[in-house]
Amino acid sequence: AHLAALVLARGGSKGIPLKNIKLLAGVPLIGWVLRAAADAGVFHSIWVSTDHDEIEKVAKQFGAQVHRRSPEVSQDSSTSLEAIREFLNHHHEVDIVGNIQATSPCLHPSDLMKVADLIQKEGFDSVFSVVRRHQFRWSEVKKGENKMTEPQNLNPAKRCRRQDWPGELYENGSFYFAKRHLIEKGYLQGGKMAYYEMRAEHSVDIDIDIDWPIAEQRVLSFGYFGKEPLKEVKLLVCSIDGCLTNGRIYVTEDQKEMISYDYRDIVGINLLKKRGIEVRLISERDCSKTLSAMQLGCIAKVSATNKLQVLENWQKEMALSWKEVAYLGNEESDVECLKKAGMSGVPADACAVAQKAAGYICKSNGGCGAVREFAEHIFLLLEKVNSARKQ
């Protein structure tokens, strides 16, 4: 049976414009679930249903195919079921749809693999995600009603401790898997049904109960970052022009070059050094005099015609795995380095091909705090590595 992952990502949003591709911890929101779906290895195809060109572009960057939904199912009043049925009408090869919510960035491939087994091997017609909550419920008393509230799931006279109560299961909206025959009848849940209980820390829904800064912290702590385990970064290589500087060169009347940089980035470099992370710089042009004037105390390679070769030499020299190398670049000449490094980033104004190759896109432009921001991102991920070690 053809199992397709389908992420619904409409361009319109009542809350955050183009929320589905807004950067969350340096990755477009939709990218987190597309990465998890791809690495699960259980889907015959992965699709994004959208009505927006920019969302289509990001979806393809993450390897998904795109279904351009019609205006009829792209309205504020349109339901997920309507969009899924339209998708099936255009893709007769699909037997089972795994509808994954773009706003669930802590989804892990292991969850999707187990659900695929439930529906493909154990014969369930529909499977949906739930989370266990320990919340006591009371009946609502509307204003003006002359009555008292009543307990819904507890006995106040014998109120148990939270840890002694198993809690209740609630849909968390992370995903709904269903076979074609159910969806064609107008159901996402039906037939032989099963729920899949997700871990509470993975149950993050930005639409419902969490705001962006909190979500970023949750993703950095509990999100899925790829098949290989994270390792502690020991080397950061930073492109000088366009990252450490804004890429502009000022020429005086006596033909001397001047550049500007942001002191926050120098602080970021110093903080990295204090954490034991080696920082090295690279440039395609000869800017040795500028570097000497900046007094950064970093090893640098200027006039580098092959940045990847320089990076590989440094990696071997320090006997590091690629997971221990971070790279901050901004141009086409940085793309191969961005792909090789275990952690990669670009400033907000980096060229399109560099943004596509990077794992993290800074909010700051080059020469305007991007190095400091990327350093902070490295520190947060180091906390995640340390936390995993303790566990």
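Against the longest principal axis of the chain, how steep is helix 29-40, in degrees 0 to 90 to the nearest 10, with axes from Cα atoms?
Approximately 80 degrees, to the nearest 10.
Dipole of the range 235-389, Cα-centred, from +1 at each Lys and Arg C-beta and -1 at each Asp and Glu C-beta, to the nearest 20 debye? Mind dumping the intermediate values first?
Numbers: 20 positive and 20 negative charges, 124 e Å.
In debye, rounded to 20, the range 235-389 gives about 600.
Could you tell me which label, among (1) 34, 27, 20; (2) 30, 24, 22; (3) 45, 25, 20, carries the value of semi-axes √(5λ) of the Cα gyration tensor in Å calculated for this structure?
The value matching this structure is (3).
Keeping the other protein chains in place, figure out the carbon and sulfur percent of the accessible area of the range 306-391, with a 1.4 Å probe.
Details: 1690 of 3720 Å².
It is 45 percent, rounded to a whole number.
Quick one: check the C-alpha center-to-center distance for the range 209-272 versus the range 104-181, whole angstrom.
41
Kindly list the residues of the range 62-97 that lie in the label zone of residue 16, defined by a backbone N under 14 Å from the point 7 Å along the Cα-to-C-beta vector.
Inside the label zone: nothing.
So if R0 is 41 Å, what FRET efficiency would residue 353 and residue 122 give, r being the distance between their Cβ atoms, rounded to the nearest 0.05? Mind dumping the intermediate values first?
On the way: r = 44 Å, r/R0 = 1.07.
Approximately 0.40, to the nearest 0.05.
What spacing in nm lies between the two simple spin-label points modelled at residue 257 and residue 1, each 7 Å away from Cα in the Cβ direction?
6.3
Just need the relative contact order of the range 107-233 here, percent rounded to a whole number, with Cα pairs under 8 Å and 6+ apart.
Reported relative contact order: 34 percent.
Starting from the Cα of residue 133, step 7 Å along the direction of its Cβ; do the same at residue 155; then give the gap between the two resulting points in nm.
2.5
Put +1 on the Cβ of every Lys and Arg and -1 on every Asp and Glu Cβ in the chain; which of 167, 91, 298 then has its Cα farthest towards the positive end of the dipole?
Of the options given, the answer is 167.
Any idea of the accessible area per residue across the range 235-389, 1.4 Å probe, to the nearest Å²? Walk me through the intermediate numbers first.
Values: 7440 Å² over 155 residues.
Spelled out: the 1.4 Å probe surface of the range 235-389, per residue, equals 48 Å².
Considering Cα pairs under 8 angstrom that are at least six residues apart, work out the relative contact order of the chain and quote it in whole percent.
On the way: 732 pairs, mean separation 56.6, N = 391.
The value is 14 percent.
Using the crude model of +1 on Lys and Arg Cβ and -1 on Asp and Glu Cβ, and no other charge, please compute the dipole size for the range 42-133 relative to its Cα centre, in debye to 20.
Details: 9 positive and 14 negative charges, 74 e Å.
Charge dipole, the range 42-133, about its Cα centre: 360 debye, nearest 20.
Toward the positive end of the charge dipole of the chain, about the Cα centre and with charges on Cβ (Lys, Arg +1; Asp, Glu -1), which of 70, 109, 48 goes farthest?
109
What longest region of the chain stays clear of GluC sites (Glu not before Pro) that DSSP places outside H, G, I, E and B and that have at most 11 other Cβ atoms within 10 Å?
Between exposed loop sites, the widest span is 254-391.
Measure nothing fancy, just the Cα-based angle from helix 212-222's long axis to the longest principal axis of the chain, in degrees from 0 to 90, nearest 10.
Relative to the chain, helix 212-222 is tipped by roughly 90 degrees.
How large a share of the accessible area of the range 3-222, in percent, is made up of carbon and sulfur atoms when the probe is 1.4 Å and the other protein chains stay in place?
Numbers: 5370 of 11050 Å².
Carbon and sulfur together cover 49 percent of it.
Sort 188-196, 363-371, 265-273, 27-35 by the packing proxy (mean of other Cβ within 10 Å over each peptide's residues), most packed first.
Working: 188-196: 15.7, 363-371: 22.6, 265-273: 19.0, 27-35: 24.3.
Ranked from most to least packed, the peptides come out as 27-35, 363-371, 265-273, 188-196.
Taking the Cα centre of the chain as the origin, how large is its charge dipole in debye, to the nearest 20, when only Lys and Arg (+1) and Asp and Glu (-1) carry charge on their Cβ atoms? Let's see the in-between values first.
On the way: 52 positive and 51 negative charges, 249 e Å.
The calculated dipole for the chain is roughly 1200 debye.
Report the local net charge at residue 140: Lys and Arg +1, Asp and Glu -1, summed over other residues whose C-beta lies under 14 Å from its C-beta. Let's see the in-between values first.
Working: positive: 137, 142, 143, 147; negative: 145, 150.
Net of charged neighbours comes to +2.
When the helices in the chain are scored as -39500 (n - 2.57) per DSSP H run of 4 or longer and the sum is shared across all residues, what 222 nm value do you end up with, to the nearest 500 deg cm²/dmol?
On the way: 13 runs with 127 residues, N = 391.
One gets -9500 deg cm²/dmol as the mean residue ellipticity at 222 nm.
With all protein chains present, calculate the accessible area of residue 185 using a 1.4 Å probe and round the result to the nearest 10 Å².
Result for residue 185: roughly 140 Å² accessible.
With r as the distance between the Cβ atoms of residue 181 and residue 108 and R0 = 35 Å, compute the FRET efficiency 1/(1 + (r/R0)^6) and round to 0.05. Can you show the working numbers first?
Values: r = 29 Å, r/R0 = 0.83.
The pair residue 108/residue 181 has a calculated efficiency of 0.75.
The values are calculated or read from the model by the stated rules, or taken from the named source; none is laboratory data. In this text, all values refer to a predicted model and were calculated from it rather than measured experimentally. A quick note on method: Cβ atoms are made from the backbone with ideal geometry, for glycine too, and the neighbour counts reach across all protein chains shown. Surface accessibility is based on the protein's heavy atoms, side chains included, excluding ligands, DNA and RNA. Shrake-Rupley method; radii C 1.70, N 1.55, O 1.52, S 1.80 Å.
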